[in-house]
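Read the structure below first, then the notes.
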Amino acid sequence: MGKNKKDKKKGKGAEKTQAKTEKKDFHKMKKELKVMGEDDIECIVAQIEKEEKKRLQVTETLVEPPSRRLNFTLVAHPNKDQLILYGGEYFNGGQTHLYSDLFFYNIPNNTWIAVKAPAGPPPRCGHQMVVTSANKGQLWVFGGEFASPTQSQFYHYRDLWLFHIAAKRWEKITVPNGPSARSGHRMVFIKKQLFVFGGYNDNLRSYKYYNDIYSFNTETYKWTKLEPSGTAPSPRSGCCMVAMNDGRILVYGGYLKKNIKKDVDKGIVLTDAFILIPEKNDVTGLKYKWVQTKIGGIHISPRCSMPIVSASNNLSAYCYGGVFDTEDDEENIAGHFFNDLYQLDLERLTWKNVSLSGKKEKDKTRRRKNKDGDEMNDDNEVDDQDMEIEHIEEKIESTTISDDGIFKVTLGAAPATSGSTEIFSNGHISKLFQPSPRASCGLAIKHGVLYLYGGMYEDGDKQITFSDFYSLDLKKNEEWKTIIEDDTSSLEWLGSDSESDEGSEEESEESDSSEEMDTE
């Protein structure tokens, strides 16, 4: 008994010490923020929400397309030929910009409308938004992240918002027992319930990844923390989560950061898959079980921040791009970005690569007749075709980015600009346009057409954030169409372009410092 009491006192002492340390760090941070002229982030968020409540009228404005951004949400309007885009972030190398703007894209007219309604949410990224057709259309937004311009502070939300599409009205849903504050989580809508899974919380001093799952009943307005049987997925963020046609939920992949030793963390890209299955004969709608599964079909190399969107029948889903981080050492991380499009069969649980066929056009081969009157191909054209075929067959230099003894991932350098896919058919070569490699872009499907907007790519230390916009008819799979072309040459970047630039700056600073010391 005495030993237990001693341990208990020791535990309380440790808790007190930790509390004092956190309090000391908090006051230290406030002093540093005061020097930088930056308020405490909770005060910033509270002030923004207070200002939003002062808005009295709804305004709808015809605007230019949304600015460059990533980690936003893009969904299809449930009743109209429109897409809806909300929030996101943009980093220009010097400051981070967070958005709370709400856009409606009219597909037939190719126009954007910015809607500002009273008492809306404060800016955020890494949130989740789902759309329902109930009550003439609803948008449900949960969680996300806010950062101060200098990125010295991060704030994670745990709030739930409802936007009434027809009435153009925001409503903050304040009810207890919801998930903790987080971003990078995933949320789907099934049978009048929102399901929130995973995510992370990182305040630069500590971080935590989650694997809990909550449901929110959109009729009773009640949160419930589910306690499924079986082995749950490990904690993660940035995973693929999609509702299946029979009420099940699929979770695939994601990202997890672990502390491997003091002040050293390691990122892990996950490739496992789980299904959340309703228990049989359950009338409460709250009993589930986790079952680990395997996805067949072609093999997809490990990646995270790959968006997924399901078709209207929930029988298939589509994924685009993503990123895989490789660590040269404990400090240097390089991202390998992808621009492949995959289809996931949700009935058979198999991956399929979406191959583009190109438009079917008549044979425009120039022909000439020989001395006997027979038609023959132009010699120059034959030579051009031979050269292009040889170009396809050239060996492409590749880099191994993962080899764990089970599978090996190999890829070549990916361009920051949009490229093309070459297809060879009936003796002819066609070059099909393809959006550039990227992560954290937006995907939405409306009337069988897939839409892709924005996202980001890294070129050394430079972050390239996109504002381009494309569509692909999934019934034909002929070719991507460009709705908005992105000119990355006009991209503002205030940071260094590479580590070598940083090294040069440091050397210059050291030189200047040395000269000052000599002068003194």
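Okay, here's what the table says:
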item: Scope the stretch 59-71; condition loosely packed, with under 13 Cβ neighbours inside 10 Å and outside any strand (DSSP E or B); matching residues; result: 64
item: Sole residue being in contact (Cβ under 8 Å) with a residue 60 or more places away in the chain and over 20 Å from the mean Cα position of the chain (by Cα), chosen from 180, 152; result: 152
item: Any hit, the stretch 359-367, residues being in contact with a strand residue (DSSP E or B) (Cβ under 6 Å, 6 or more places away or on another chain) and at pLDDT 75 or above; result: no
item: Selection from the stretch 99-146 of residues that are more than 30 Å from residue 204 (Cα to Cα), of a type outside the set (A, V, I, L, M, F, W, C) and buried (at least 21 other Cβ atoms within 10 Å of the Cβ); result: 105
item: Residues of the stretch 287-301 satisfying the condition of being farther than 22 Å from residue 212 by Cα and buried (at least 18 other Cβ atoms within 10 Å of the Cβ); result: 295, 300, 301
item: Exclusive hit being free of Cβ contacts under 8 Å to residues at least 24 places away in the same chain and not in a strand (DSSP E or B), set 227, 219; result: 227
item: Tally of residues being under 20 Å from residue 348 (Cα atoms) and buried (at least 18 other Cβ atoms within 10 Å of the Cβ) across the stretch 302-313; result: 3
item: Qualifying residue in the stretch 242-250 (condition: crowded, with 19+ Cβ neighbours inside 10 Å, farther than 23 Å from residue 316 by Cα, in contact (Cβ under 8 Å) with a residue 24 or more places away in the chain and out of contact with any Asp or Glu (no Cβ under 8 Å at 6 or more places or on another chain)); result: no
item: Members of the stretch 53-75 that are in contact with a strand residue (DSSP E or B) (Cβ under 8 Å, 6 or more places away or on another chain) and modelled with pLDDT under 90; result: 55
item: Qualifying positions in the stretch 160-197 - of a type outside the set (Phe, Trp, Tyr), farther than 27 Å from residue 233 by Cβ and crowded, with 21+ Cβ neighbours inside 10 Å; result: 165
item: Any hit, the stretch 147-159, residues being surrounded by 16 or more Cβ atoms within 10 Å (Cβ to Cβ), within 29 Å of residue 447 (Cα to Cα), at pLDDT 95 or above and not aliphatic (A, V, I, L, M); result: no
item: Qualifying position, being at pLDDT below 90, among the charged types (D, E, K, R) and under 18 Å from the mean Cα position of the chain (by Cα), among 329, 325, 340; result: 325
item: Residue in the stretch 260-269 that is surrounded by 21 or more Cβ atoms within 10 Å (Cβ to Cβ), of a type in the set (A, V, I, L, M, F, W, C) and in contact (Cβ under 8 Å) with a residue 60 or more places away in the chain present; result: no
item: Subset of the stretch 204-216 [at pLDDT 95 or above and either farther than 19 Å from residue 241 by Cα or not in a loop (DSSP other than H, G, I, E, B) (or both)]; result: 208, 209, 213, 214, 215, 216
item: The listed residue being among the polar types (S, T, N, Q) and either touching a Leu at 6+ places or on another chain (Cβ under 8 Å) or free of Cβ contacts under 8 Å to residues at least 12 places away in the same chain (or both), out of 305, 301; result: 301
item: Entirely in the stretch 441-520, the strands (runs of 3 or more DSSP E) that have 1 or more residues that are among the small types (Gly, Ala, Ser) and either closer than 22 Å to residue 73 by Cα or modelled with pLDDT under 95 (or both); result: 442-446, 449-459, 462-473
item: Condition met for residue 334 (among the aliphatic types (A, V, I, L, M), under 18 Å from the mean Cα position of the chain (by Cα) and modelled with pLDDT under 95); result: yes
item: Pairs where the first residue, in the stretch 87-111, is in a loop (DSSP other than H, G, I, E, B) and the second is of a type in the set (Val, Ile, Thr) and modelled with pLDDT under 95, C-beta under 8 Å, 6+ apart; result: 95/150
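The values are calculated or read from the model by the stated rules, or taken from the named source; none is laboratory data. Quick caveat, the model's predicted, so the values are computed rather than measured. Ideal geometry is used to build each Cβ from the backbone, glycine not excepted, and the neighbour counts take in all protein chains shown.
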